[in-house]
Amino acid sequence: MGTDRKRWRWLGSLSLLVLVFTTALSQSQTVDPWSVQRGGQLYDKWFKVVGAADPVANHPLWALQTTNTRKGPDTWRCKECHGWDYKGKDGAYSGGSHFTGFVGVWEGRNKSVVELMGILRGNTNPQHDFSKVLSSRDITDLANFIKYGLLDMSKLVDYKAKKPLQADLTSGRAVFGICAACHLEDGKGINFGTPEKPVYIGFISKDNPFETLHKIWAGQPGTRMPGMYGVLTQQQMMDLLAYSQSLPEE
């Protein structure tokens, strides 16, 4: 009976999500929300989105910095160079183990999609040519995300406190009803760590609110978790972040 209840709750939440997202899609006049959402997942971890093997060698541009010691797949993730807040060396990755000194993509929103696609194809720097690993559709989606999907995290999060600037927990709890289909009501439905050292959404949302907001906005690559681009308002996202931070960490 418990399994059936969880299944129906998940199906109900999914149906609501599809209805809301379809409405947002039909109302969009400028860009396909699905493209922006997918582009955000490519920004996170493109090789999971396209079903490619994890890159083994470091990205060609990685040798330009020595402060971030990560290797292989991590060096190919847009977010590792440009940050979850899209501001690179001028944002949340201005220090710490993720620091590279690379600029963000924040100013890219002021460029045209065609210009952004050119940059992704190496027009301004041959070593930044992703056309060898991404299709034309992939590059278009990624460019659409940079043009239309970037969140101004400085208006959503207190960088020092790592908390939303303003939030309503009641509203956040209501929005979390969709998330609870997989994460469960206590946020422990998915363990991102190990059985010995579990990591739940309650911890992640406190530790890295920027990553949390990005994944709420764009979804989780390689999973059935959808993004909320075109569905939630930015206020609702702050509410959801606040409620997620109120959940148990372990």
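The values are calculated or read from the model by the stated rules, or taken from the named source; none is laboratory data. Keep in mind it's a predicted model, so treat the numbers as computed, not measured. Ideal geometry is used to build each Cβ from the backbone, glycine not excepted, and the neighbour counts take in all protein chains shown. All accessible areas refer to the heavy atoms of the entire protein, side chains included, with ligands and DNA or RNA removed. Shrake-Rupley method; radii C 1.70, N 1.55, O 1.52, S 1.80 Å.
Considering only residues that are in contact with a Leu (Cβ under 8 Å, 6 or more places away or on another chain) and not in a loop (DSSP other than H, G, I, E, B), which ones fall in the stretch 198-213? Spell out how you get there, then give the answer.
Applying the first criterion (in contact with a Leu (Cβ under 8 Å, 6 or more places away or on another chain)) to the stretch 198-213 yields 200-202, 205, 209, 212-213.
Within the stretch 198-213, Ile201, Gly202, Ser205, Pro209, Thr212, Leu213 meet the criteria.
Each residue in the stretch 82-100 was checked for being touching a helix residue (DSSP H, G or I) at 6+ places or on another chain (Cβ under 6 Å) and not in a loop (DSSP other than H, G, I, E, B), and 1 pass.
Looking at the stretch 227-240, which of its residues are surrounded by 19 or more Cβ atoms within 10 Å (Cβ to Cβ) and not in a helix (DSSP H, G or I)?
Within the stretch 227-240, the subset surrounded by 19 or more Cβ atoms within 10 Å (Cβ to Cβ) is 227-232, 237-240.
Gly227, Met228, Tyr229, Gly230, Val231, Leu232 - these are the residues of the stretch 227-240 that are surrounded by 19 or more Cβ atoms within 10 Å (Cβ to Cβ) and not in a helix (DSSP H, G or I).
Taking the numbered list (1) without any contact (Cβ under 8 Å) to a residue 40 or more places away in the chain; (2) closer than 24 Å to Gln65 by Cα in turn, Lys79 passes all entries but (1).
Residues are listed down the side, and each one gets a yes or a no for (1) surrounded by fewer than 16 Cβ atoms within 10 Å (Cβ to Cβ); (2) among the acidic types (Asp, Glu):
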{"residue": "Thr66", "(1), (2)": "yes, no"}
{"residue": "Pro73", "(1), (2)": "no, no"}
{"residue": "Asp85", "(1), (2)": "no, yes"}
{"residue": "Lys89", "(1), (2)": "no, no"}
{"residue": "Glu107", "(1), (2)": "yes, yes"}
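Among the residues making up the stretch 208-223, those that are open to solvent by 40 Å² or more (accessible area, probe 1.4 Å) and either free of Cβ contacts under 8 Å to residues at least 12 places away in the same chain or in contact with a Gly (Cβ under 9 Å, 6 or more places away or on another chain) (or both) are Gln220, Gly222, Thr223. With respect to (1) within 20 Å of the chain's Cα centre (by Cα); (2) in contact (Cβ under 8 Å) with a residue 12 or more places away in the chain; (3) part of a helix (DSSP H, G or I), the lone exception for Glu107 is condition (2). When the stretch 130-141 is filtered for residues that are of a type outside the set (Ser, Thr, Tyr) and either open to solvent by 60 Å² or more (accessible area, probe 1.4 Å) or not in a helix (DSSP H, G or I) (or both), the ones remaining, listed by number, are Phe130, Lys132, Val133, Leu134, Arg137.
When Ala161 is tested against (1) modelled with pLDDT of 95 or more; (2) surrounded by 15 or more Cβ atoms within 10 Å (Cβ to Cβ), exactly one condition is not met: (2).
Taking residues in the stretch 57-75 that are closer than 18 Å to His128 by Cα, and partners anywhere that are basic (Lys, Arg), the pairs with Cβ atoms closer than 7 Å and at least 6 places apart or on different chains are Asn58/Lys71. The set of residues in the stretch 142-185 being assigned to a loop (DSSP other than H, G, I, E, B) and under 17 Å from the mean Cα position of the chain (by Cα) consists of Leu150, Leu151, Asp152, Leu156, Lys162.
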